[in-house]
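Since every read-out is calculated from the coordinates, none of them should be taken as a lab result. Because the structure is a prediction, the values reported are computed rather than measured. Every residue, glycine among them, receives a Cβ derived from its backbone with ideal geometry; neighbour counts consider all protein chains shown.
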Amino acid sequence: MKTIFLSIISITMLLLTSCQHSTEQKEWDVSQGYVPDSTTAVQIAQILFVRVYGEKVLKKKPFVATLKNGNIWVVEGSIDKGVDGGVPHLEIQKSDGKIVYLIHGK
């Protein structure tokens, strides 16, 4: 769990650093949380999905993020109808980026 937490911190710092170099990015408002939008949630999820499940998880794209109860991003992979198998599922706190739940369905 400590490794995942350190990975999230590293990813967050990487994302923040890359955002500073773009002139098209809005200024980041910390009051909106460390994971302020669905794009950020999907980027973090994709990194973790690949790290935990390997490159083959990219076949479950697109990854879609929805906000649950205003404070938890739920990111899930996609699967074609009629195809057997599951998708990766991640729940991450909007406020601090803490991973609440990570699983891959069968």
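A few notes on this one:
- For VAL100, distant residues with modelled amide H under 5 Å away: GLU91, ILE92, GLN93
- For region 29-106, the dipole from Cβ point charges (+1 on Lys and Arg, -1 on Asp and Glu) about the Cα centre works out to 240 debye, to the nearest 20.
- For TYR53, neighbours were defined as the other residues whose beta-carbon sits under 15 Å from its Cβ, and their charges (Lys and Arg +1, Asp and Glu -1) total +4.
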